[in-house]
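Enquirer: Before I ask anything, here is the structure I am working with.
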Amino acid sequence: MHCNMNSMVWRLVLLALILFALKTVILHPFPGFWWIQQKGIYWTAASATPAFQSSVRKDKFLEVPQIAWGLNNQKIAFARACLTARLLNRTLLMPSLSASLFYKELGRYSDLLNQTKPFELQKGSGRKWTKEKDLHQLEQCKEDSVDKFELIRIVGKNPFLWHDHWPVTDYAKIFECLSFVEEIEEEAVKVISKIREVGAKARSESFAHDHTSGSLIQSVPYIAVHMRVEKDWMIHCKKLEQRLNINQICSNKTEITQRVAKISVLQKPIVVYLAVADSLLEDNSILSGWQQGLLPFEKKKLGVWDIYKKYPYLVQSAIDYEVCLRADVFIGNSYSTFSSLIVLERTLKLIKIGVTRSCGREARLSSYAYNIVGKDGGPQSWMTDFSASSLQSISYGSNNVSCESKVLQSNWK
């Protein structure tokens, strides 16, 4: 990467803001997508059909508007830009990032020959700009009158706000090719090790015969709860409930603790890691009211705040994402993009080992939505529906949560 960055913090911000670093294609191939580095950095996209896999165009490019907002919104926006480039059979130039976070062009455009001026494609907006009109506009760009241009520059809204024309499986295959850079993963491992260490100590104190050795500490289970109870979220979710005329979005602390207590989790005592907003770290009430045997810890109580505080919010979010993703049991809110993407990845891991139903399953990688009441008053068991025709429920949330994932396992072998 040809970006001169003097600070490790800014390096991490840069790497986190491009969401994830691509793993090698040999390990995680997604037909039509791979990483190339010539004079600059690009995401190369081609059709997923065999007809296009052997003739990816590297002389036609797509440029998209600046990608902004939170890490997970940017991840979705980036994937949508990749899928748009695939539809047009063009190379996607690495998008620019949010000015409020790090304003710097990531990709070099030196491979552009500039033989023609860019064709500017203005994305429509408003209620009259339907999904059908949007797809028709993209299809028109494949016609010779537009396709002759070396560069198509889409102007207008952030790609997160574009109409969605692709099924969940297409997004999942892109997400599967992405991983956090080593620096972020290493910090997450430190946090997880501390969680397991605390859990091992609690077990040894509860069971005189249980003295977990150092080599076995990493197998001590833990629960992660993405706990959305901060003031800004509660205002937002109350307004959303009114607009959608439902009451399954907001959950207060008492509701969350009571529902989590009804999960037949792994052997207690067990650590419950609370992934919460920084504004709640001084609120000791989030640590009270938990059932005996459920040991709540947030960053400060756990003693890992020094790991987080040296990084900007975006990197902190990335570390928490990994901690929640690797938990033995994860509990989140089905209207949170953060929670929904974690469940998507966990569901994919289960599918790969042949598990497509988590109903009543209390084993590793189980996930729950605490905002929806499930069996016996506990949180609803949650798996991503891989048969969905769009990413709508993950991008914006849904109360249609099931313990079954409808998917063809042959897609993920």
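Enquirer: Of all residues in the stretch 373-395, count the ones that are over 17 Å from SER264 (Cα atoms) and not in a loop (DSSP other than H, G, I, E, B). Give the derivation first.
Expert: Going residue by residue through the stretch 373-395, those that are over 17 Å from SER264 (Cα atoms) are 383-395.
If we keep only those that are not in a loop (DSSP other than H, G, I, E, B) as well, we get 383, 392-395.
Residues that pass the stated criteria total 5.
Enquirer: Write out, first by first residue and then by second, each pair whose Cβ atoms fall under 8 Å of each other, whose residues are 6+ apart or on separate chains, and whose first residue, in the stretch 175-190, is free of Cβ contacts under 8 Å to residues at least 24 places away in the same chain while the second is aliphatic (A, V, I, L, M) and open to solvent by 10 Å² or more (accessible area, probe 1.4 Å).
Expert: none
Enquirer: Let me ask something else. Go through SER381, SER339, SER358, SER366 for me and flag whichever is over 17 Å from ARG228 (Cα atoms), in contact with a Gly (Cβ under 7 Å, 6 or more places away or on another chain) and open to solvent by less than 40 Å² (accessible area, probe 1.4 Å).
Expert: Numbers: SER339 fails: over 17 Å from ARG228 (Cα atoms); SER358 fails: in contact with a Gly (Cβ under 7 Å, 6 or more places away or on another chain); SER366 fails: in contact with a Gly (Cβ under 7 Å, 6 or more places away or on another chain).
Step by step, each of SER381, SER339, SER358, SER366 is checked, and only SER381 is over 17 Å from ARG228 (Cα atoms), in contact with a Gly (Cβ under 7 Å, 6 or more places away or on another chain) and open to solvent by less than 40 Å² (accessible area, probe 1.4 Å).
Enquirer: I would also like to ask the following. Please report, ordered by residue number, the helices (runs of 4 or more DSSP H) entirely within the stretch 115-177 with at least 3 residues that are of a type in the set (Gly, Ala, Ser).
Expert: On the way: elements: 131-140, 144-147, 168-176.
Because the criterion is at least 3 residues that are of a type in the set (Gly, Ala, Ser), no helices (runs of 4 or more DSSP H) in the stretch 115-177 meet it.
Enquirer: Now, a different point. Can you go through VAL315, VAL271 and tell me which one is in contact (Cβ under 8 Å) with a residue 40 or more places away in the chain, open to solvent by less than 50 Å² (accessible area, probe 1.4 Å), of a type outside the set (Phe, Trp, Tyr) and not in a helix (DSSP H, G or I)?
Expert: Values: VAL315 fails: not in a helix (DSSP H, G or I).
Selected residue: VAL271, the only one of VAL315, VAL271 that is in contact (Cβ under 8 Å) with a residue 40 or more places away in the chain, open to solvent by less than 50 Å² (accessible area, probe 1.4 Å), of a type outside the set (Phe, Trp, Tyr) and not in a helix (DSSP H, G or I).
Enquirer: Going by the conditions given, is PHE330 assigned to a loop (DSSP other than H, G, I, E, B) and open to solvent by less than 20 Å² (accessible area, probe 1.4 Å)? Walk me through it before giving the result.
Expert: On the way: assigned to a loop (DSSP other than H, G, I, E, B): no; open to solvent by less than 20 Å² (accessible area, probe 1.4 Å): yes.
No.
Enquirer: Among the residues that make up the stretch 398-411, is at least one of them more than 26 Å from GLU186 (Cα to Cα), assigned to a helix (DSSP H, G or I), in contact with a helix residue (DSSP H, G or I) (Cβ under 7 Å, 6 or more places away or on another chain) and open to solvent by 50 Å² or more (accessible area, probe 1.4 Å)?
Expert: Taking the stretch 398-411 as the starting set, the residues that turn out to be more than 26 Å from GLU186 (Cα to Cα) are 398-411.
Applying the additional criterion that residues be assigned to a helix (DSSP H, G or I) yields 409-411.
Now drop any that are not in contact with a helix residue (DSSP H, G or I) (Cβ under 7 Å, 6 or more places away or on another chain), which leaves 409, 411.
Add one more test, that the residue is open to solvent by 50 Å² or more (accessible area, probe 1.4 Å), and what stays is 409, 411.
Yes, because at least one residue in the stretch 398-411 is more than 26 Å from GLU186 (Cα to Cα), assigned to a helix (DSSP H, G or I), in contact with a helix residue (DSSP H, G or I) (Cβ under 7 Å, 6 or more places away or on another chain) and open to solvent by 50 Å² or more (accessible area, probe 1.4 Å).
The values are calculated or read from the model by the stated rules, or taken from the named source; none is laboratory data. Everything quoted here is computed from the prediction, not taken from an experiment. Quick reminder, even Gly has a Cβ in these numbers, built from the backbone with ideal geometry, and neighbours come from all protein chains shown. Quick note on the areas: whole protein, heavy atoms, side chains included, nothing else; ligands and nucleic acids left out. Shrake-Rupley method; radii C 1.70, N 1.55, O 1.52, S 1.80 Å.
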